[in-house]
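Student: Could you have a look at this structure, given as structure tokens, before my questions?
FYI, it's all coordinate maths here, none of it is from the lab. These numbers were taken from a predicted model, which means no experiment stands behind them. Note that each Cβ is placed from the backbone with ideal geometry, even for glycine, and that neighbours are counted across all protein chains shown.
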Amino acid sequence: MMPTALDLDSPTPALTGRAWPPLTQDFATLGDAFSVPVAVSPLPDPVLVASSAPAAALVGLSPPRDAADEHDWALAFGGHVAAIRDGSRATVYAGHQFGNWAGQLGDGRALLLGDWPDAGGGRHGGSGAAWEVQFKGSGRTPFSRMGDGWAVLRSSIREFLCSEAMAALGIPTTRALCLVGSSRPVRRERIETAAMVTRLSPSFVRFGHFEHFSYTGQTEQLRQLCDWVIARHAPACADAPQPALALLQWVVDRTAQLIAQWQAVGFIHGVMNTDNMSILGWTLDYGPFAFLDAYDPLHTPNTTDRGGRYAYGRQPAIAHWNLLALGQALLPLIDVPESALDVVNTFRPTYVQAMQRQLAAKLGLTQLRPEDGDLFQALLDTLEANHSDWTLSFRHLAQLAADARAPIPPALAAQGQREPQRLADWVARYRERLRSEPRDDAERAAAMNAVNPLVVLRHHLAQAAIAQAEVGDFDEVRRLLRALERPFDAGAVPPHYTEPPPEHAPPACLSCSS
Ligand code: AMP
Ligand code: MG
């Protein structure tokens, strides 16, 4: 429903008394070359769409208890509370987009508010506080270029739900504390309304931050940023003969692990530009992402990506490419350029090993053997030929008895209807392999169900929650969040959340417009 009138100067409704912890701003200490002060534009008629109790717990907040408390949250995280919004800054970065140098970018609609200590008052790495807090969708900044600085409700729901879904899957990701909607109209392909996600991350530094200082010849600032990231997040690198090279290795390793985790759950980021790559190796910037339904390595939900550069199966190669861009950016701080190349090229073997471990775990294998690579590839080929559902296939494989005389469970057979013989042949190989494993069927099933989710944020589930929220009903967003918070737990997930999209459901067709 569209709002009819807007009064941005209407008096802010009274607060009901929650005390918000004060934020410090460590990133600001780097200086004005790194970020500039920008005031938050508060959302008119803020309303709390949803909040994440697990994310709140990270920073020692209790989730809202009642309607009055929700109102407090809406005001605070809709940008109306000075203690939270004051001191906000936009950071400058650059990046390669779709393989091309895009020049200077920066926080075009996100603002860094400062740092919150974690729930235990803890600090990590070196000197900094545990969680940086950011608003996304808080208005124009000097880096907005042609953008309006807003984020629409639709895309904010997707970012909010997916951040928390990924965290519950055990995948490193920026977190989403809460989501606030508003009456502000925003023009995209149609008129929508503005929303804000409050994000938490130990750091929002991207590969693109390093690229900015490197390619503009600001070597001193490049070194400053490198030292700052090391001190806060990778203190062991400070003792290395070449800290920048050690940091590069640290990022390569973490990115390789991250991408293996993405591939294992069938997550497609959709827009892996270097400005969307976190220096922590965490998932960052949820735009035109999707989870695989039917297994298809060339699938991308991003309609802007005509060549499929960021398709599911290309994500490992793209991560490698992006790490090369980061290595290139760090060269002014590295003695021998070849050593940076050598470090970046450890990505491939590290990734392959991480992915093999993921697949072994998904299949309930306790050890990885040299010949398992062939077994894994044969499974992927079988799933592709059968258009099998990625998520369900692994849950159904957990039900398979190792005994060669037992029938293939009907739910698993249903995933292999196009080429049933191919599935049967693969099952025979898998059973043969299971003979050398110590686990019995029940133990293997339990282990598989602990790593293979029952529910992921499928496009049609997100769309259903968005459709309701756009007419003012947030119940489905909240229900879906609760299921996504316990993705492995059959008791916590209503059965309809586990189903693949209905035949007639439109495929995910997403653009970067959000
Ligand atoms: P993305 O493709 O979402 O990663 O965005 C690329 C760049 O465009 C980043 O610098 C964003 O901050 C900026 N940007 C995206 N959408 C908007 C918007 N609506 N208003 C201002 N800047 C935006
Ligand atoms: Mg981005």
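Student: Taking the dipole about the Cα centre of the chain, with the C-beta of Lys and Arg at +1 and of Asp and Glu at -1, give me whichever of 104, 267, 74 is farthest to the positive side.
Tutor: Projecting each Cα onto the dipole axis, the largest value belongs to 267.
Student: By how many degrees, 0 to 90 and rounded to 10, does the Cα axis of helix 347-362 deviate from the longest principal axis of the chain?
Tutor: Orientation of helix 347-362: about 60 degrees from the principal axis.
Student: Could you state the number of Å between the C-alpha centres of segment 29-53 and segment 124-203?
Tutor: Taking the Cα centre of each part, segment 124-203 and segment 29-53 sit 9 Å apart.
Student: Enter the Cα centre distance for the pair segment 432-504 and segment 282-330, rounded to the nearest angstrom.
Tutor: 23
Student: List the relative contact order of segment 208-357 as a percent without decimals, with contacts defined as Cα pairs under 8 Å and 6+ residues apart. Write down the numbers at each step before the final one.
Tutor: Numbers: 202 pairs, mean separation 45.5, N = 150.
That works out to 30 percent.
Student: Sticking with this one: Taking H as built 1.01 Å from N, whose amide H comes closer than 5 Å to the amide H of residue 283, not counting residues under 5 places away?
Tutor: Amide H to amide H, under 5 Å and 5 or more residues apart or across chains, residue 283 pairs with 173, 174.
Student: Rounded to the nearest 20 debye, what is the charge dipole size of the chain about its Cα centre when +1 sits on each Lys and Arg Cβ and -1 on each Asp and Glu Cβ?
Tutor: Values: 43 positive and 54 negative charges, 60 e Å.
Charge dipole, the chain, about its Cα centre: 280 debye, nearest 20.
Student: Hey, another quick one. Could you tell me the calculated FRET efficiency between residue 467 and residue 66, based on Cβ-Cβ distance and R0 = 25 angstrom, to the nearest 0.05?
Tutor: Numbers: r = 27 Å, r/R0 = 1.08.
After rounding, the FRET efficiency stands at 0.40.
Student: Ok, one more. Taking the Cα atoms only, what angle lies between the long axis of helix 420-434 and the longest principal axis of the chain, rounded to 10 degrees?
Tutor: It works out to around 90 degrees.
Student: Now, a different point. Is segment 27-203 best put as rounded, prolate or oblate by its Cα gyration tensor, with a ≥ b ≥ c the root eigenvalues, rounded for a/c under 1.5, and otherwise prolate when a/b is larger than b/c, oblate when not? Walk me through the numbers on the way to the answer.
Tutor: Values: a/c = 1.42, a/b = 1.08, b/c = 1.32.
Cα axes put segment 27-203 in the rounded bin.
Student: Looking at the chain, which longest stretch skips every one of the GluC sites (Glu not before Pro) that is in a DSSP loop with at most 12 other Cβ atoms within 10 Å, leaving the sites themselves out?
Tutor: Working: sites that count: 189, 371, 503.
Formally, the longest exposed-site-free interval is 1-188.
Student: Roughly how tilted is helix 219-233, in degrees to the nearest 10 and between 0 and 90, from the longest Cα axis of the chain?
Tutor: The angle comes out at about 60 degrees.
Student: Could you give each residue of segment 372-385 its phi-based ³J(HN,Hα) in whole Hz, using Karplus coefficients 6.51, -1.76, 1.60 with θ = phi - 60°, and x for Gly or Pro?
Tutor: My calculation for segment 372-385 gives 5, x, 5, 4, 5, 4, 5, 5, 4, 4, 5, 5, 5, 4 Hz in order.
Student: Whose amide H sits under 5 Å from the amide H of residue 102, counting only residues 5 or more places off or on another chain, with H placed in the peptide plane?
Tutor: Amide H neighbours of residue 102: 95, 96, 97.
Student: Something else about it: When the label point is put 7 Å from the Cα of residue 366 along its Cα-to-beta-carbon vector, which residues of segment 405-445 have a backbone N closer than 13 Å?
Tutor: From segment 405-445, the list is 434-445.
Student: Would you please put 108-116, 168-176 in order of how densely packed they are, using the mean number of other Cβ atoms within 10 angstrom per residue and starting with the highest? Write down the numbers at each step before the final one.
Tutor: Details: 108-116: 22.9, 168-176: 21.3.
So the order, starting with the most tightly packed, is 108-116, 168-176.
Student: Also: Treat every Asp and Glu Cβ in segment 27-203 as -1 and every Lys and Arg Cβ as +1, leave all other atoms uncharged, and give the resulting dipole magnitude about the Cα centre to the nearest 20 debye. If you can, show how the numbers build up before the last one.
Tutor: Details: 16 positive and 16 negative charges, 107 e Å.
Dipole size: approximately 520 debye.
Student: Is there a quick way to get the dipole size of segment 306-381? I mean about its Cα centre, with the Cβ of Lys and Arg at +1 and of Asp and Glu at -1; what is the value in debye to the nearest 20? Write out the running numbers ahead of the final one.
Tutor: Working: 7 positive and 7 negative charges, 81 e Å.
Result for segment 306-381 is approximately 380 debye, rounded to the nearest 20.
Student: For segment 418-469, what ratio Rg/Rh do Cα atoms give with a Kirkwood hydrodynamic radius?
Tutor: Working: Rg = 17.5 Å, Rh = 14.3 Å.
Using only Cα positions, Rg/Rh for segment 418-469 is 1.22.
Student: Turning to a different aspect of this structure: Which trypsin sites (Lys or Arg not before Pro) does segment 186-235 hold that lie in a coil by DSSP with at most 11 other beta carbons within 10 Å? Don't skip to the answer; put the middle values down first.
Tutor: On the way: sites: 187, 188, 190, 199, 206, 223, 232; in loops: 188, 190.
Taking segment 186-235 and a limit of 11 other Cβ atoms within 10 Å, the loop trypsin sites (Lys or Arg not before Pro) found are 190.
Student: In nanometres, what is the gap between the two model label sites at residue 442 and residue 98, each 7 Å from Cα along Cα-to-Cβ?
Tutor: 5.5
Student: How much mean residue ellipticity at 222 nm does the chain get from its helices, if each DSSP H run of length 4 or more adds -39500 (n - 2.57) and you divide by all residues, to the nearest 500 deg cm²/dmol?
Tutor: Dividing the helical sum by the residues of the chain leaves -12000 deg cm²/dmol.
Student: Compute the distribution of all C-alpha to C-alpha distances in the chain, in bins of 10 Å from 0, and list the percent of pairs in each, rounded to whole numbers.
Tutor: Spelled out bin by bin, the chain gives 4, 19, 28, 26, 16, 7, 1, 0 percent.
Student: Specify whether the C-alpha gyration tensor of segment 326-475 places it in the rounded, prolate or oblate class, a ≥ b ≥ c being the square roots of the eigenvalues: rounded for a/c under 1.5, otherwise prolate if a/b is larger than b/c and oblate if not. Could the numbers behind the result be given before it?
Tutor: Working: a/c = 2.35, a/b = 1.22, b/c = 1.92.
Verdict is oblate for segment 326-475.
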